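To keep things clear, I will list the structure first and then write my remarks on it.
The values are calculated or read from the model by the stated rules, or taken from the named source; none is laboratory data. Everything numeric in this text was worked out from a predicted model, so none of it was measured. Glycine also receives a Cβ, built like all others from the backbone with ideal geometry; neighbour counts cover every protein chain displayed. Accessible surface is based on the protein model in full, side chains and every heavy atom, while ligands, DNA and RNA are left aside. Shrake-Rupley method; radii C 1.70, N 1.55, O 1.52, S 1.80 Å.
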Amino acid sequence: MANVNLNPNDGNNPFARTPQEIKRKRIELGAQFTFLMMTMALVIPMLWIMWDLAYRASDVLSYTYMVIGVGCVGLLIPYFLIEAAKRNEHKRKLFMGLAIAILAGISIWIVCITVFNMDNGGFDFLTLNPKKRMTAGGVWAPLIGTFLLVLLSLVISAPIGILAGVYLSEFANDNWFTRIINLAVVNLAGVPSIVHGLFGVGAFVYFMDMGRSLLAASSTVAVMTLPVIITSTKEALTSVPQSFRAACWNMGATKWQTIRTLVLPNSINGILTGVILQVARAAGETAPILFTGALYYKKIADTGFDSFVPYGLEDRFMALSYHLFTVATQVQDVPESFQFGTAVVLIGMVLMVNSISIGFRIYLRARKRW
Amino acid sequence: MESTTTQSPKSTDSGSKPPGESQRGFRYYSNVIVDKFEWLFVGFIYLCGWSAILFVLAIFAFVFVEGAPAIFGNSDKITTNTQKAVKEISEQHGFDVSDSQLDQISAVVLKQLDPDKYHTANDDHPKEVFVTDVDGLTAIQKQWISDRLTSDLRIGRIKPFKLNPTDFASNEKWVPESAKKPQFGIFAMLMGTLSVTILSMLIAVPLGLGAAVYVSEFAGGKTRETLKVLIELLAAIPSVVWGFVGYMILGPILLDSFDSAVVGINLLNGGIILALMSVPVIVSMSEDALRAVPDSYREAAMALGANRIEMVFKVLFPAAKHGLLAAVLLGVGRAIGETMAVLMCTGHAVQIPEGLLDPVRTLTATIAAELGETAPGDEHYLVLFVIGIVLFTFAFLINIIADVIVKGIRTEQHG
Amino acid sequence: MNQNETTQLTGDLATDAPAAVKVHHESSLPISSDIHISFDNVSVKYGSDVALQPFDMQIKRNEIFGIIGPANAGKTTLLKSINRTLDFIPSAKVSGSVKVNGQDVSAIRGRRVHQLRRHIGMVFPLPVGLPLSVYENVAYAPRRAGMHDRRVLDELVEKCLRQAMLWDEVKDRLDMLGTKLSGGQQQRLTIARALSHQPEILCLDEFSIAIDPVTTMKIEDVLLELKQELTIVLVTNLVQQARRLADNTAFFNKSELIEFGPTEKIFSEPEQQITLDYVMGDFG
């Protein structure tokens, strides 16, 4: 009597499932499956597109894939080995030895193939300038152009943006003017990038007479990233509780002392995360540089110092995003692998920067200070 | 003796000296310096704050000021170009023109050309300019000036121009570079933008909301974190890469799969690509909105015997409706403002689309494609800036509405 | 005579305290009389809400001045008006004059405001551990005042932590984050911080909320000792705490000063009925 086996489908069991319940359960499962499919409808095309891009670029980038792949494996395996060595007292030496051996082997391998340039093309796609109307060579000139563009725009926008964020959230009084400015900043972050491009043409190229140049393009990109940097800085600053500030003020610390000793040290990581995200955005945007300085093709030095700083502030320059647009739609007879290779390099760059930012944020969440 | 003691204060063991003296290291001095020059740092912060504010205001001002002559008439340009031409002709023929005479000439020209008259497709501006009634000029000088100005008028250097708002908004024809009768009508491009945006939203909103529900309510732990990171990375892919994907990968697929498709880059292509681009915005914003619904709502729904689907549709969606609406609006904002992707994958034909496979052109793509060919100050350039103003206004309205909606939730929750 | 006594006392303070521990204030506020803090016709408004009705009150040097009253009586606002932290609330408006050592605090300009705040230690009811190490929490104010000598700071930190009854619990983990301490420990850390800049006035706002009764009693003993050196303003909603500690007590109700006077008088034969009701627990 005590040991009654409750069969869920038995009619005598008061907790048995009614047909209605079973139907509801089926509907629930069906809907959950639908939601899963919707998510997959986003994720799978994306992964497929990535794979397709990477696959069709493999003619010029196979070597780079290999080095990156082997590099990742070569770092991950020793990492796990070292972790295991920490836990396992007896085989510590074995694990550590294995880890060191793998690391050494891979570094020797990378050095060898880099020095002797064994493979087909090697890093040529990354290190050579475009040649023969973009049908040969590589993407070095646009790559370095994008790098300089991002660097220069960051030099302009990061200090101004961060300090403006500090000003708006710590110093400015809360009056109608500040509220309008805050609203303007938020709205500016949502303005289409082509409008920023228009602003750059009107303000920097013609009004300030910079002409179409690296400087004008960097300033335009800087103005585009400025509102987002201001917003993320303000967010990072407001995440520091007000009570900390009040405690410092009560001890006679000035506003600046409070900011320097307490607020900034506890929000600088959040601020940097925001700035890094804007690096990725600046590297990928095309519309703002289209009319402010980017160029189809510019011949630059192949080697030496000039190949690293090929564009002066007054010069027009090649940029990777615009180069992708060019080789895809404007130039005839570009090999497919070159077009896809350019896209993969651009995506790789942007996603790498973004992953750094995401990793940074996860790390920050793990070590919360209050 | 003295010098040795001052050089090595650590060696002197004197009890009378305050103990602070011996340990002043780098940190001490850096602190002292930073505190001493506090006004400098604070001043710098103020400077940067205000320059950023100036930048922000300048963006608003500049786009409007650059486009203004197209809206209010370009009489300034006519005046300057007329005066320039008169000076050239006077140097060429060797006579002097005073400033008051210049003013009189430009007044006469403005009167004859009437720049306050709207530019329309059919307008008939005078073909010749006659300079009369100017004090102190001989008849032959007036004749020279008139000839020169008439030729300037024919090549469009002193052309009067003022955009007719109704014609601008309703004309389907966009022929900006025509020498005889340029036409500036954005209706077709407006339709292009609208159709691409609507199509992309039809795809993106259900997918985005479904994915947000899955991520926030069904997926757990690691799956959830992975999906969120993937979606964030999806949001980071540059628009030119999306355009490339549409142009190189999706285009050929569409061309193969639809017999009636003439080109692979068309409305459908643009819609799909834009949907993929705006989905991450929608997912992350609506996921935030769903997460913001307190867990007590979920528990109460479960306690009443609702299953998770009923909970999602009957409890969470009503509770988070403002946030979801804001998410959709921001997705719309991104779709309207997108440039490079639509430039590369919508086919770039100015026409009102009649089917999914027609190529279209959007407002943003027009600016991106044509601004490079224009000279500052001429009509085409001005009209492109007016299109910029239109886009700016769209973005601004969408942002403000989304902002108000989100603020609305906050006050609802707190008050 | 009075004048002499007070100068004598501050002189004692200066010599009794270890020379190293003395924080050097660039310009000490002048000592004028027996009255340390005086409120002349002071009233505070937040926008259109009246937080404090106009009132006059004097707090004597080296006494414990108790302030009692129900919630929302304006007690915390009163403390904030002394060290001018009301400046950080844009809507707050103070009229009348708060005088510390005879000097009107609203007349203080520029950097002198920070020196005024260094003369006044503040402890608010919510425990706030700064996200710095315990040591740096206590050394924060001296460092801002320009003291960076490790040995002096060590002594000072130990002294303040001992006075706040926290030393024994944290002496082995001074490099731990102040935010990771328990609530009661953080509250005592807040008290130690308030003492760390060697204030002349110590304002305690319901300091015992997060602290257990035994430790509270110990801190109360410390306060009685500190009375020799400081003026203590004690805002409390524990009526008996005010009775135990305070020399003079003021009763606030609904943003109004009802009365103030010697503690015994307030507790045994106050002038207003409402005061008696409150101290007897018959309020409301």
Inset, instruction - Collect the residues in segment B:154-166 that are under 23 Å from the mean Cα position of the chain (by Cα) and not in a loop (DSSP other than H, G, I, E, B), keeping them in residue-number order. - result: B:L163, B:P165, B:T166
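Just to confirm my filter: which helices (runs of 4 or more DSSP H) fall fully inside segment A:270-370 and include at least 2 residues that are out of contact with any Leu (no Cβ under 6 Å at 6 or more places or on another chain), touching a residue at least 40 places away in the same chain (Cβ under 8 Å) and more than 11 Å from chain B (Cβ to nearest Cβ)? Before the answer, list the steps.
On the way: elements: A:287-290, A:320-325, A:336-366.
Qualifying helices (runs of 4 or more DSSP H): A:336-366.
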Legend entry - Test: residue in segment A:249-261 that is within 11 Å of another protein chain (Cβ to nearest Cβ), of a type in the set (A, V, I, L, M, F, W, C), farther than 20 Å from C:G146 by Cβ and part of a helix (DSSP H, G or I): no
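Among the residues of segment C:216-240, count how many are polar (S, T, N, Q) and surrounded by 21 or more Cβ atoms within 10 Å (Cβ to Cβ). Let's see the steps before the verdict.
Step one: list which residues in segment C:216-240 are polar (S, T, N, Q), which gives C:216, C:228, C:231, C:236-237, C:240.
Restricting the remaining residues to those that are surrounded by 21 or more Cβ atoms within 10 Å (Cβ to Cβ) gives C:231, C:236.
Residues meeting the conditions: 2.
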Inset, instruction - Within segment B:70-91, identify whether any single residue is within 21 Å of C:R144 (Cβ to Cβ), exposed (fewer than 12 other Cβ atoms within 10 Å of the Cβ) and modelled with pLDDT of 80 or more, and answer yes or no. - result: no
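What residue, of B:V328, B:V350, is in a loop (DSSP other than H, G, I, E, B), more than 13 Å from every other protein chain (Cβ to nearest Cβ) and open to solvent by less than 60 Å² (accessible area, probe 1.4 Å)?
On the way: B:V328 fails: in a loop (DSSP other than H, G, I, E, B).
It is B:V350.
Looking at segment B:150-194 only, could you name the residues that are of a type in the set (G, A, S) and more than 27 Å from B:L268 (Cβ to Cβ)? Walk me through how you get there before you give the answer.
Let us first name the residues in segment B:150-194 that are of a type in the set (G, A, S), namely B:151, B:156, B:169-170, B:178-179, B:185, B:188, B:192.
B:S151, B:G156, B:S178, B:A179 - these are the residues of segment B:150-194 that are of a type in the set (G, A, S) and more than 27 Å from B:L268 (Cβ to Cβ).
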Legend entry - Of the criteria (1) without any contact (Cβ under 8 Å) to a residue 60 or more places away in the chain; (2) surrounded by fewer than 21 Cβ atoms within 10 Å (Cβ to Cβ), which one C:K254 fails: (1)
Legend entry - B:A368, sole failed condition from (1) surrounded by fewer than 19 Cβ atoms within 10 Å (Cβ to Cβ); (2) in a helix (DSSP H, G or I): (1)
Legend entry - Residues (open to solvent by 50 Å² or more (accessible area, probe 1.4 Å), closer than 17 Å to A:P142 by Cβ and β-branched (V, I, T)) located in segment A:277-320: A:V309
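Quick one: would you say A:V228 is modelled with pLDDT of 90 or more, within 30 Å of the chain's Cα centre (by Cα) and open to solvent by 10 Å² or more (accessible area, probe 1.4 Å)?
Numbers: modelled with pLDDT of 90 or more: yes; within 30 Å of the chain's Cα centre (by Cα): yes; open to solvent by 10 Å² or more (accessible area, probe 1.4 Å): yes.
Yes, satisfied.
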Legend entry - Scope segment B:244-253; condition open to solvent by less than 10 Å² (accessible area, probe 1.4 Å) and more than 7 Å from every other protein chain (Cβ to nearest Cβ); matching residues: B:G246, B:G251
Inset, instruction - For residues that are more than 16 Å from C:M176 (Cα to Cα) and open to solvent by less than 10 Å² (accessible area, probe 1.4 Å), scanning just segment C:124-148, find the one that is nearest to the other protein chains (Cβ to nearest Cβ). - result: C:A141
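Looking only at helices (runs of 4 or more DSSP H) that lie completely in segment C:177-284, which have at least 1 residues being more than 21 Å from C:V138 (Cβ to Cβ) and not acidic (D, E)?
Numbers: elements: C:183-196, C:213-226, C:239-245, C:263-268, C:273-280.
So the answer is C:213-226, C:239-245, C:263-268, C:273-280.
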Inset, instruction - Filter segment C:73-104 for residues that are farther than 13 Å from C:M57 by Cβ and in a helix (DSSP H, G or I) and give the result. - result: C:T76, C:T77, C:K80, C:T85, C:L86, C:D87, C:F88
Inset, instruction - For residues that are within 14 Å of chain B (Cβ to nearest Cβ) and surrounded by 21 or more Cβ atoms within 10 Å (Cβ to Cβ), scanning just segment A:234-247, find the one that is farthest from B:L371 (Cα to Cα). - result: A:L237
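If I go through segment C:157-176 residue by residue, how many of them are part of a loop (DSSP other than H, G, I, E, B) and either in contact (Cβ under 8 Å) with a residue 40 or more places away in the chain or open to solvent by less than 10 Å² (accessible area, probe 1.4 Å) (or both)?
Step one: filter segment C:157-176 for residues part of a loop (DSSP other than H, G, I, E, B), giving C:164-166, C:171-176.
The next check asks that each one be either in contact (Cβ under 8 Å) with a residue 40 or more places away in the chain or open to solvent by less than 10 Å² (accessible area, probe 1.4 Å) (or both); those that pass are C:164-166, C:174-176.
Residues flagged as part of a loop (DSSP other than H, G, I, E, B) and either in contact (Cβ under 8 Å) with a residue 40 or more places away in the chain or open to solvent by less than 10 Å² (accessible area, probe 1.4 Å) (or both) within segment C:157-176 amount to 6.
Search segment B:371-400 for residues being of a type in the set (S, T, N, Q) and assigned to a helix (DSSP H, G or I), and hand back the single one that is surrounded by the fewest Cβ atoms within 10 Å (Cβ to Cβ).
Residues of segment B:371-400 that are of a type in the set (S, T, N, Q), as a first pass: B:374, B:393, B:399.
Right, trim to assigned to a helix (DSSP H, G or I) and you get B:393, B:399.
Values: B:T393: 10, B:N399: 21.
Across segment B:371-400, the extreme among qualifying residues is B:T393.
If I filter segment A:29-41 for residues that are modelled with pLDDT of 80 or more and either assigned by TED's automatic domain parsing to the domain that holds A:F338 or not in a helix (DSSP H, G or I) (or both), do I get at least one hit?
Here is the first cut: in segment A:29-41, the ones modelled with pLDDT of 80 or more are A:29-41.
Next, from what is left, pick out any that are either assigned by TED's automatic domain parsing to the domain that holds A:F338 or not in a helix (DSSP H, G or I) (or both): none.
No, segment A:29-41 contains no residue that is modelled with pLDDT of 80 or more and either assigned by TED's automatic domain parsing to the domain that holds A:F338 or not in a helix (DSSP H, G or I) (or both).
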